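Student: If you scroll down you'll find the structure; I have some questions about it.
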Amino acid sequence: MEGSHDQGRRVSPIRDAARRLVQRALAGGLAERLEAERARWFVWLPVAFGIGIAGYFSMPTEPSLAATLALPLVAAALVAASRGTGLVHVAALGLLAAAAGFAATKLRTEWTRAPVLGHEIRRADVRGIVELIEPRPSRGERLTIRVTDIAGLAPEARPARVRLRVMTKRDGLKPGDAIRIRATLRPPSLPALPGGYDFARWAWFQGLGATGYAIQAPEILASAAHDPSLAQTARHALERLRQAMAERIRAVVPGETGAIAVSLITGERGGITDETNAAYRDSGLVHILSISGLHMAIMAGAVYAAVRILLAAFPAIALRFAIKKWAAAAALAGAAGYLLVSGGSIPTIRAFLMIAIMFVAVMLDRQALAMRNVAIAALIVLIVMPESLLDPGFQMSFAAVVSLIAAYESVRTRAEDPDRRVWLRPVAFFLGGIVLSTVIASLSVAPIGAYHFHRSQQYALLANLIAVPICNLVIMPAALVTLVLMPFGLEAWPLPVMAQGIDAMTGTAYWVAGLPGAVAHIAEISDAGFALMVAGGLWLTLWQTRWRVLGLAAIGGGLLVAGGAERPDILAGRGGDLVAVRGADGRLAATGTRSGSFELSRWLEHDGDSRSARDVLRARAMRCDGTGCTAPAKGLRVAVARHASAIAEDCLKADIVITEPRAPPGCTQPLAVIDRWTLRRDGTHAIYLEKDAASGETRIARVETVAGHRGRRPWTERPDTARRQPFTASAPSPGRLRFRPLPDGERSEAIGHGGAMLRMDIDSG
């Protein structure tokens, strides 16, 4: 009793402090607070626009074009009707921005609409134009091909682009070549589990309708079936230039160091080995390998500083002209050139837009580093490519930039305080800038990385404090000099300097990744927790007055509920071979073959399990024989039938049956029967179990499928399955349908639910 009193005394001050914090933050009223932040209203425009984009992607079915386009008109009418009514008007403006984001995403979906392969085609005869060649260490090359013909496929069913892995390299092959190749083609892969990463959705917006692998080397044809457009010709010429630059870099700097140099200059990461990629990932340095805002800022900043210093050396020019604007124009041109030679990936385009807006601001005598400029860049990206909102790279890059600018604004305000010692300002900015920016950027992107990748790099701050200065002061300046000297054939001078910096950075990555506890595996974070953390971060960084501290409360709430995501008790893979059951220790036990290793690795990743798929399969934690396997799950018996001879017994003794052969119609005794055909159609099934409060018996709470989570959207439909209704993931209505084991002799009904036969008792009430 005394302990509870002590605990109450400890909690009470915390609660009182939080209450006082909220009261001070909201002092003056909501309307007054919003009016005080009027200058910041604009920076919330891309946030509202993004909410509309998120709303579009969360729809279970595709909205009609007419209804979508009507939404902004209705919102605009509300804005006009609410003019001059304070908070209502602000809310109407936010609704208009959200409606515009929803409509923009729908238009983008329709603009990129292209055929998607509906089924696997073996030994397909593919003709097309090579758009991109990506080397793969020990894995040949990966070709992106603009398709002109696929034998046996009508034009309306033919994918616009395909991506193929080619193990036999064809010498002399270059972008723009017309080729013929035999390959196995497949539809873009589905998520490994309900709610997982949807590659098919990403492929839809890239116009990628199929993937696969070649079964012979490509044959270069004399001419293309169709004359390329001017834009396509320019793109092919640019890709050939990038390919030639990569070959010249590798000639000077061979091996993995050269592959990283190629990645930082041309954006081509295919030459980096899996081991090195893993070291950079586990150390928290993987962002350096992908051209992003860091590299673009260094390149553009170096050009800006060099041009300005050069012009300042000539007083006749410096005193008569605005050399700052000239330097900004030169830096903008340099950033545009770097964008072209680096391949123009989406992260690079985002970085260029931010850099471009900042230098345009300099040329217009505006503040370059401002939150408004970042908001403009984000809005442009979201208007042109709304799907970027779902990209972790987009979320991380803008989170880091917004956090850094908010911190810069705060530090600048303090530094301008006349009571501060003048001599401390440059020292504080120089010494503390690197450390502070690294800390802030790392903290801002950590929740995003944990949500998407289920990993936390424990020593990322240490690695970045060592590697980022090397990248800023050695590697990227040497890369800039390389680009300048390469047209003159003098790239052999700066590349060795760049190589020394890369070796030091790679050594840091391997050292940090090898430290004990370098990586912490994190179980799936709940959507509610992630949303609260994002909302709190935006509130903390985008506002300027005292009420911004309320964002800390939202972040804290998000951290508290982040681990609230429910984990499935049983997982059945799409192929019907891989099945995992959660044991009494809370970890998954699995049965299957090596073909399911990738799928199982994704399951373990979402589970926060550090074990490899190979180790889990080798453990043989489930009881198996030649015909199948069995395992307990919260008191229920789960049976995996691999042979028809096992189905009859499993149907009588098991509570949940997962069968590779087709389930017989008379198998109605189990609570659920899921066969291979159901799994192939609806994807991985996740089964959640719970204890019945009244009887204490275990029952099926719900069954979720990949098809149910994906809904009926353009990127989910296939020509051969478009008419099939996917398995919905919604739970039965309370009081109507209950999943539970039925006592012997009690009458039950076998109900087919999206192909999974679920035994339910039916309540009349």
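The values are calculated or read from the model by the stated rules, or taken from the named source; none is laboratory data. Because the structure is a prediction, the values reported are computed rather than measured. Using ideal geometry, Cβ is built from the backbone for each residue, glycine included, and neighbour counts are taken over all protein chains shown.
Student: Tell me, which residue of the stretch 271-304 that is among the β-branched types (Val, Ile, Thr) and part of a helix (DSSP H, G or I) is farthest from His521 (Cα to Cα)? Can you show your working first?
Tutor: Initial filter on the stretch 271-304 (among the β-branched types (Val, Ile, Thr)): 272-273, 276, 286, 288, 291, 298, 303.
If we keep only those that are part of a helix (DSSP H, G or I) as well, we get 276, 286, 288, 298, 303.
Values: Thr276: 19, Val286: 17, Ile288: 22, Ile298: 33, Val303: 41 Å.
Filtering the stretch 271-304 for residues that are among the β-branched types (Val, Ile, Thr) and part of a helix (DSSP H, G or I), the one farthest from His521 (Cα to Cα) comes out as Val303.
Student: Hey, another quick one. Out of everything in the stretch 157-194 that is assigned to a loop (DSSP other than H, G, I, E, B) and of a type in the set (Gly, Ala, Ser), what residue ends up being surrounded by the fewest Cβ atoms within 10 Å (Cβ to Cβ)? Spell out the reasoning first.
Tutor: As a first pass, look at the stretch 157-194 and keep what is assigned to a loop (DSSP other than H, G, I, E, B): 158-160, 167-177, 187-194.
Among the residues that remain, those that are also of a type in the set (Gly, Ala, Ser) are: 160, 172, 176, 189, 192.
Numbers: Ala160: 17, Gly172: 6, Gly176: 16, Ser189: 15, Ala192: 24.
If we take residues in the stretch 157-194 being assigned to a loop (DSSP other than H, G, I, E, B) and of a type in the set (Gly, Ala, Ser), then Gly172 is surrounded by the fewest Cβ atoms within 10 Å (Cβ to Cβ).
Student: In the stretch 217-232, is there at least one residue being under 28 Å from Phe488 (Cβ atoms) and acidic (Asp, Glu)? Give the steps one after another, and end with the answer.
Tutor: First, pick out the residues of the stretch 217-232 that are under 28 Å from Phe488 (Cβ atoms): none.
Among the residues of the stretch 217-232, not one is under 28 Å from Phe488 (Cβ atoms) and acidic (Asp, Glu), which makes the answer no.
Student: So, one more: Looking for whichever is touching an Asp or Glu at 6+ places or on another chain (Cβ under 8 Å), under 22 Å from Ser189 (Cβ atoms) and either in contact (Cβ under 8 Å) with a residue 12 or more places away in the chain or in a strand (DSSP E or B) (or both) here; the options are Glu524, Glu599. Which one fits? Spell out the reasoning first.
Tutor: Working: Glu599 fails: touching an Asp or Glu at 6+ places or on another chain (Cβ under 8 Å).
Of Glu524, Glu599, the one residue that is touching an Asp or Glu at 6+ places or on another chain (Cβ under 8 Å), under 22 Å from Ser189 (Cβ atoms) and either in contact (Cβ under 8 Å) with a residue 12 or more places away in the chain or in a strand (DSSP E or B) (or both) is Glu524.
Student: With the requirement that a residue be touching a Lys or Arg at 6+ places or on another chain (Cβ under 6 Å) and within 19 Å of Pro496 (Cβ to Cβ), what does the stretch 255-302 give you?
Tutor: If the condition is that a residue be touching a Lys or Arg at 6+ places or on another chain (Cβ under 6 Å) and within 19 Å of Pro496 (Cβ to Cβ), then Gly258, Ser263, Thr266 are the ones that fit.
Student: Go over the candidates Ala644, Ala633, Ala648 one by one and state the one that is aliphatic (A, V, I, L, M) and at pLDDT 90 or above. Spell out the reasoning first.
Tutor: Details: Ala644 fails: at pLDDT 90 or above; Ala648 fails: at pLDDT 90 or above.
Of Ala644, Ala633, Ala648, the one residue that is aliphatic (A, V, I, L, M) and at pLDDT 90 or above is Ala633.
Student: When you go through Glu247, Glu275 one by one, which is the residue that is free of Cβ contacts under 8 Å to residues at least 24 places away in the same chain and under 22 Å from the mean Cα position of the chain (by Cα)? Break it down into steps so the answer makes sense when it comes.
Tutor: Working: Glu247 fails: under 22 Å from the mean Cα position of the chain (by Cα).
None of the others qualify; the one that does is Glu275.
Student: Hey, can you tell me all the residues within the stretch 30-52 that are under 30 Å from Thr105 (Cα atoms), part of a helix (DSSP H, G or I) and of a type outside the set (Gly, Ala, Ser)?
Tutor: Once the filter is applied, which keeps residues that are under 30 Å from Thr105 (Cα atoms), part of a helix (DSSP H, G or I) and of a type outside the set (Gly, Ala, Ser), the stretch 30-52 yields Leu34, Arg38, Arg40, Trp41, Phe42, Val43, Trp44, Leu45, Pro46, Val47, Phe49, Ile51.
Student: Taking the stretch 531-572 as the search range and keeping residues that are modelled with pLDDT under 95 and in a loop (DSSP other than H, G, I, E, B), which one is farthest from the chain's Cα centre (by Cα)?
Tutor: Thr545
Student: Sort through Arg308, Arg320 and tell me the only one that's among the basic types (Lys, Arg), assigned to a helix (DSSP H, G or I) and more than 20 Å from the chain's Cα centre (by Cα). It would help to see each step written out before you state the result.
Tutor: Details: Arg320 fails: assigned to a helix (DSSP H, G or I).
One residue alone meets the criteria, Arg308.
Student: Further, regarding this structure: Within the stretch 317-345, track down each residue that is farther than 17 Å from Pro477 by Cα, modelled with pLDDT under 90 and small (Gly, Ala, Ser).
Tutor: Within the stretch 317-345, Ala318, Gly343, Gly344, Ser345 qualify.
Student: Please indicate, with yes or no, whether at least one residue in the stretch 62-75 is surrounded by fewer than 12 Cβ atoms within 10 Å (Cβ to Cβ), in contact (Cβ under 8 Å) with a residue 40 or more places away in the chain and touching a Gly at 6+ places or on another chain (Cβ under 9 Å).
Tutor: no
Student: What are the residues in the stretch 79-105 that are surrounded by fewer than 21 Cβ atoms within 10 Å (Cβ to Cβ) and more than 17 Å from Trp41 (Cβ to Cβ), if any?
Tutor: Ala80, Ala81
Student: Also, I was wondering about something else. Name the pairs: first residue in the stretch 433-459 and assigned to a helix (DSSP H, G or I), second residue crowded, with 17+ Cβ neighbours inside 10 Å and of a type in the set (Phe, Trp, Tyr), Cβ to Cβ under 6 Å, at least 6 apart or on different chains?
Tutor: Note: pairs meeting the criteria are Tyr451/Phe530.
Conditions tested, residue by residue: (1) surrounded by 21 or more Cβ atoms within 10 Å (Cβ to Cβ); (2) of a type in the set (A, V, I, L, M, F, W, C); (3) at positive phi; (4) not assigned by TED's automatic domain parsing to the domain that holds Pro447.
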position	(1), (2), (3), (4)
Phe352	yes, yes, no, no
Ile380	no, yes, no, no
Met385	no, yes, no, no
Pro392	no, no, no, no
Glu409	no, no, no, no
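Student: Going by what's in this entry, would Gly608 be described as small (Gly, Ala, Ser), modelled with pLDDT of 90 or more and at positive phi?
Tutor: Values: small (Gly, Ala, Ser): yes; modelled with pLDDT of 90 or more: yes; at positive phi: yes.
Yes.
Student: Of all residues in the stretch 318-367, count the ones that are among the basic types (Lys, Arg) and touching a residue at least 12 places away in the same chain (Cβ under 8 Å). Step through it out loud before you land on a result.
Tutor: Of all residues in the stretch 318-367, those among the basic types (Lys, Arg) come to 320, 324-325, 350, 366.
Right, trim to touching a residue at least 12 places away in the same chain (Cβ under 8 Å) and you get 324-325, 350.
Of the residues in the stretch 318-367, 3 are among the basic types (Lys, Arg) and touching a residue at least 12 places away in the same chain (Cβ under 8 Å).
Yes or no, residue by residue, for (1) of a type in the set (Asp, Glu); (2) assigned by TED's automatic domain parsing to the domain that holds Ser601; (3) within 26 Å of the chain's Cα centre (by Cα); (4) under 16 Å from Ala259 (Cβ atoms):
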| residue | (1), (2), (3), (4) |
| --- | --- |
| Pro477 | no, no, no, no |
| Thr482 | no, no, no, yes |
| Leu495 | no, no, no, yes |
| Ala509 | no, no, yes, yes |
| Leu515 | no, no, no, no |
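Student: Follow-up. Given the residues Val374, Val411, Val402, Val422, which is the only one that is modelled with pLDDT under 85 and under 22 Å from Trp543 (Cα atoms)? I'd like the intermediate steps shown before the answer.
Tutor: Details: Val374 fails: modelled with pLDDT under 85; Val402 fails: modelled with pLDDT under 85; Val422 fails: under 22 Å from Trp543 (Cα atoms).
Among Val374, Val411, Val402, Val422, only Val411 is modelled with pLDDT under 85 and under 22 Å from Trp543 (Cα atoms).
Student: Taking strands (runs of 3 or more DSSP E) that do not extend beyond the stretch 651-765, which have at least 2 residues that are at pLDDT below 50? First the steps, then the outcome.
Tutor: Values: elements: 656-659, 672-675, 685-691, 698-705, 749-753, 756-762.
Those strands (runs of 3 or more DSSP E) span 749-753, 756-762.
Student: Here's another thing I want to ask about it. Would you be able to tell me the number of residues in the stretch 129-156 that are part of a loop (DSSP other than H, G, I, E, B) and either farther than 30 Å from Gly255 by Cα or not hydroxyl-bearing (Ser, Thr, Tyr) (or both)?
Tutor: 8
Student: Here's a follow-up. Go through Leu485, Leu550, Leu473, Leu490 for me and flag whichever is crowded, with 16+ Cβ neighbours inside 10 Å and of a type outside the set (Asp, Glu). Spell out how you get there, then give the answer.
Tutor: Numbers: Leu485 fails: crowded, with 16+ Cβ neighbours inside 10 Å; Leu473 fails: crowded, with 16+ Cβ neighbours inside 10 Å; Leu490 fails: crowded, with 16+ Cβ neighbours inside 10 Å.
Just a single option satisfies the conditions, and that option is Leu550.
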